[in-house]
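Q: Below you'll find the structure I mean.
Read the figures in this text as sums done on the coordinates, not as results from a lab. Every value quoted in this text rests on a predicted model; they were computed, and no experiment measured them. Cβ sites come from the backbone with ideal geometry, for glycine too, and all protein chains shown count toward neighbours.
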Amino acid sequence: MIKIERLVKSFGSQQVLRGLDLEVATGSITVIIGRSGGGKSVLLRHLIGLLRPDGGRVLVNGADVTRLGGRALDEVRRRYGVVFQGGALFDSMTCAANVAFPLRENLRLPAAEVATRVEASLAQVGLEGMGSKYPAEVSGGMRKRVAIARALVTEPEIVFFDEPTTGLDPILVNTIHHLVLNLHRKLRFTAVMVSHEIPEIFEIADAVAMLHDGRIVEVGPPGVIQASPNRVVRQFIRGEPEGAEGA
Amino acid sequence: MTERPLPLVLRPLDAIGRGAIAVVEALGRFGMFLAEALGTLLTPPFKFWAFIDRINYIGYRSLLIILLTGGFTGMVLGLQVYFTLVRFGSEAYLGPAVALSLIRELGPVLAALMVTGRAGSALTAEIGIMRITEQIDALTVMALNPVRYLVAPSILAGLVTFPLMTAIFDTVGIFGGYLVGVELLGLSQGTYFGEMQTFVDLNDIMMGFWKSLSFGVLVTWVCTYKGFHVGHGAEGVAKATTDAVVLSSVLILVWDYFMGTVLP
């Protein structure tokens, strides 16, 4: 279970997170929604230990990752898989080498086993036979799928998705969402996804959390969020032009 | 709680103090960055193939520019020094004058400046792009230390390639001087090389070697640091690349002077 308590973060005079609380149940898909620039990615970077908060804590299975460093933090991170917004594939390596990288460097598996797992992993995301291509030679959707394959190849307990469908057409958005859903059913990881793909995320999420003004203003199953009386939530999911400012 | 504003008279002092703290902090980060890189060189796992790749990137790919600049520097030296020495009837000393200038001073400095322009800038841009496209973050969240993968092999490769590049620069430069002095201006081959053997000793060679070794660390340290701490977007990478080349070049010249005063 991931438990975020009173998380506070400022950049200079701009306070991005203002005492944020959230719980993510083990084995669930929790989607964090909110306006662009509202701090969703900042929150995610705290969960994966790339940012230190000014206050509050992030408990992952009881361990406060905001206080950990060095090997202890690395131990927690080995149970993570992360899909970055742009994929963050190593552009000097082929797609297969990208997927093989965490297996080779972290798990130190023999070459034959690495090759088998990479092939299986690429097949899982529908990219059989594409391993020899470089990230620059494949489409945006394929890059996202390679990034998902790389994040899942080590069979992590928790997978973080930072806007995995940004910049993709609606068909690809649905393809990626259903890919995540199918892989989740198969591998049973805990997923935390930052997204503003409304209403598509309601089909895959177990819980949806609305981030606004540095806090989670509402959290619950998709049906509850969709029927929420909260003005900020309603405005966001309906995409009303006046947005959340009027709330 | 808000801070009480400082009296007007103390504000310049406050600004100076903040500036000084910022400079000391930046120097501390810069030093810690090198310490971390050296630390990863001393502890396994060693990234041997990354090191070989960096030798190719920094050294082998800079070879052509080193050959060209080394050759023409030696030729210019041969020409200018010959016409100066001829005024004193000392043209026999052309060989040692060219060799000493190259081995003690011009070889290490110009080779380092050339490698900085070609490989140092590329190193900063490459690491900078990896930073802004979250590739460095991807390494970090895989529990892999990006300094071990990206910085340490570059610094080690700098240590190996800069002395080699300098040796090639010196050798080609000496033959450039030979072409002008002997083949063009008619000095005898025996005089050119014979006087060189008399006047150039091991201390001169070691001075060039220590300089090139330290430049190897300096350039790769500055360039990887600037790439690692790049600003936002393409503009950030462009600025980091310019800063890396300018800072490396200035530090090469400043450090060269200090090395020149310390070494025999």
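Q: Just to verify a number: FRET efficiency for A:D64 and B:S188, C-beta to C-beta distance, R0 = 56 Å, to 0.05?
A: So, using R0 = 56 Å, E works out to roughly 0.10.
Q: Would you mind telling me the antiparallel percentage of the DSSP bridges in chain A, rounded to 5?
A: 55
Q: Compute a Gaussian network model of chain B, connecting alpha carbons closer than 10 Å, and tell me which residue from B:K211, B:K47, B:K226 fluctuates the most.
A: Of B:K211, B:K47, B:K226, the Gaussian network model singles out B:K47 as fluctuating most.
Q: Given the options B:V217, B:V254, B:V24, state which has the largest fluctuation in a GNM of chain B using a 10 Å cut-off (strictly under) for Cα springs.
A: Ranking B:V217, B:V254, B:V24 by mean-square fluctuation puts B:V24 first.
Q: Could I have the simple spin-label model distance between A:E105 and B:I205, label points 7 Å from Cα toward Cβ, reported in nm to one decimal?
A: It is 4.1 nm.
Q: R0 = 56 Å: FRET efficiency of B:V86 with B:Y60, Cβ-based, nearest 0.05?
A: 0.90
Q: As a footprinting exposure proxy, order A:D54, A:D162 by other Cβ within 10 Å, with the fewest listed first.
A: A:D54, A:D162
Q: Moving on to the next point. Would you work out the relative contact order for chain A, in percent, from Cα pairs under 8 angstrom that are 6 or more residues apart?
A: 25
Q: Name the residue, out of A:P156, A:P170, A:P102, whose mean-square fluctuation peaks in a Gaussian network model built on chain A with Cα pairs under 10 Å.
A: Fluctuation is largest for A:P170.
Q: In deg cm²/dmol, rounded to 500, what helix-only [θ] at 222 nm does chain A give when every DSSP H run of at least 4 residues adds -39500 (n - 2.57) and the total is split over its residues?
A: After summing the helix terms and dividing by the residues of chain A, the value is -10000 deg cm²/dmol.
Q: Apply the Karplus parameterisation 6.51 cos²θ - 1.76 cosθ + 1.60, with θ equal to phi minus 60°, to every residue of segment A:159-168 and state each ³J(HN,Hα) to the nearest whole Hz, in sequence, with x for glycine and proline.
A: Those phi angles translate into 10, 9, 10, 9, 6, x, 10, 4, x, 9 Hz.
Q: Here is a further query. Provide the gained length on full extension for the span B:V246 to B:M32, in nm with one decimal, where the gain is 0.36 nm per separating residue minus the Cα-Cα distance.
A: 74.9 nm
Q: Another question, if that's okay. Eight or more residues apart or on different chains, and alpha-carbon atoms under 23 Å: count the Lys pairs in the protein assembly as shown matching that.
A: Total qualifying Lys-Lys pairs in the protein assembly as shown comes to 8.
Q: Further, regarding this structure: A:L51's amide H: which non-local residues (gap 5+, or another chain) put their own amide H closer than 5 Å, with H modeled 1.01 Å from N in plane and none for Pro or chain starts?
A: Excluding prolines and chain starts, which carry no amide H, the hits are A:H46.
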